[in-house]
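Every number here is computed from the coordinates shown, using simple stated rules; none is lab data. Here the structure is a predicted model, which means the values were calculated and not measured. In this analysis, Cβ positions are derived from the backbone assuming ideal geometry, glycine residues included, and neighbour counts consider all displayed protein chains.
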Amino acid sequence: MIVKEEFLSKLRRYFGLNLYEVKIWTALLSRGVSTAGELSDIANVPRSRSYDVLETLEKKGFVIMKLGKPIKYIAVPPQEVVERVKKNVHEEAKERVSRLEELKSTDVIGELNTLHTQGIELVEPSDLSGSLSGRHNLYNHLELVMKNAEESVTLMTTEQGLMRKVEGLRPVLEKIKKRGVKIRIAAPLTKENAAAAQEISGLADIRHTNAKARFCIVDGKELVFMILDDTQVHPTYDVGIWVNTPFFAGALQNLFDLAWKDMKPMKR
């Protein structure tokens, strides 16, 4: 049996299996019913490991152990496996969320907050900076800094970036808007993102710009800026820089304020 490495990688990603597990499983699928020894030879997995792997796959619902000697294993239909994995992932996620919710009411979170507060007091202002890799991490950090805004949030983004921010950051924008935080967004306004701009117009003052830049300033103190063109980079390889510096963030805020005056307000 020859299975391409690319296909095995996809299976590992979708089903959360390790390399030995995915090799044994695909070998069994190709045979229907087989012994651990046979599967070991077909999949090129050490025989000493094949029994442990099959036991794990059985617990996960991928295979069924057939009674008798020698012990054989039967492959569960792939569609049924998908449903079982979905159910397991859902149950595990609910359990983890429940545990994290319980954590909020314990002394543990209080002790963690104390440690963080004490640690921040010892940090030099110049050390409050970091690199963010991947668009998912970027948006997580954007949400974090925006969530703590007290006065203002200034966003400058691209045509596609505006649509992404409406989709991913709208909940946090709604929360800070209710607290009275002033939100301004500058982006190229086009037919493609018109619906997104209209959707968020009640939360932010939106204006059109032809300038191409990607950054967020919070309270004139914190700055997150992306260093790559989002049309030229895969989301996984997007890169951003976070700095907590009133001097630099304030200077950029002043430059933005000057440019803002000449930007055209969005047409309702």
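Under 18 Å from a point 7 Å along the Cα-to-Cβ line of Ala211: which residues of the stretch 170-195 have their amide N that close? Residues 183-190 qualify, since their backbone N sits under 18 Å from the label point.
With all pairs of different C-alpha atoms in the average, the Kirkwood value for the hydrodynamic radius of the stretch 133-268 is 14.8 Å. Once label points are set 7 Å from the Cα along Cα→Cβ at both Asn44 and Met65, what is their separation, rounded to one decimal in nm? Roughly 2.9 nm, to one decimal.
Residues considered: Thr157, Thr26, Thr236. Largest GNM mean-square fluctuation over the chain, using C-alpha springs under 10 Å, is found at Thr26.
Neighbour counts of C-beta atoms inside 10 Å place Asp219, Asp262 in the sequence Asp262, Asp219, starting with the fewest.
Relative to the present Cα-Cα distance, how much length would full extension add between Glu102 and Asp229 at 0.36 nm per residue of separation? Here the answer is 41.6 nm. Normalised by residue count, the stretch 216-268 yields a Cα convex hull volume of 122 Å³ per residue. Here Trp25, Trp242, Trp260 are placed in order of increasing Cβ neighbour count within 10 Å, fewest first, which gives Trp260, Trp242, Trp25.
Looking at the chain only, what percent of DSSP beta bridges run antiparallel? Nearest 5 please.
The answer is about 75 percent antiparallel.
Quick one, which of (1) 203; (2) 130; (3) 118 is the actual volume of the Cα convex hull per residue in Å³ calculated for this model? Step by step, volume of the Cα convex hull per residue in Å³ for this structure corresponds to label (1).
Cross-link reach is defined here as a Cα-Cα straight distance under 19 Å, omitting same-chain residues fewer than 8 places apart; for Lys86 the lysines meeting it are Lys10, Lys59, Lys60, Lys94. Among Lys87/Lys178; Lys23/Lys72; Lys23/Lys87; Lys87/Lys175, which pairs are too far apart, with a Cα-Cα distance over 26 Å? Lys87/Lys178; Lys87/Lys175, as the Cα separations exceed 26 Å there. Expressed as a rounded percentage, what relative contact order does the chain have, with Cα pairs under 8 Å and six or more residues apart? Value for the chain: 15 percent. A simple spin-label model places pseudo-atoms 7 Å from Cα toward Cβ; at Ser133 and Glu83 they are separated by 4.0 nm. When DSSP beta bridges are restricted to pairs lying wholly in the stretch 178-248, around 70% turn out antiparallel.
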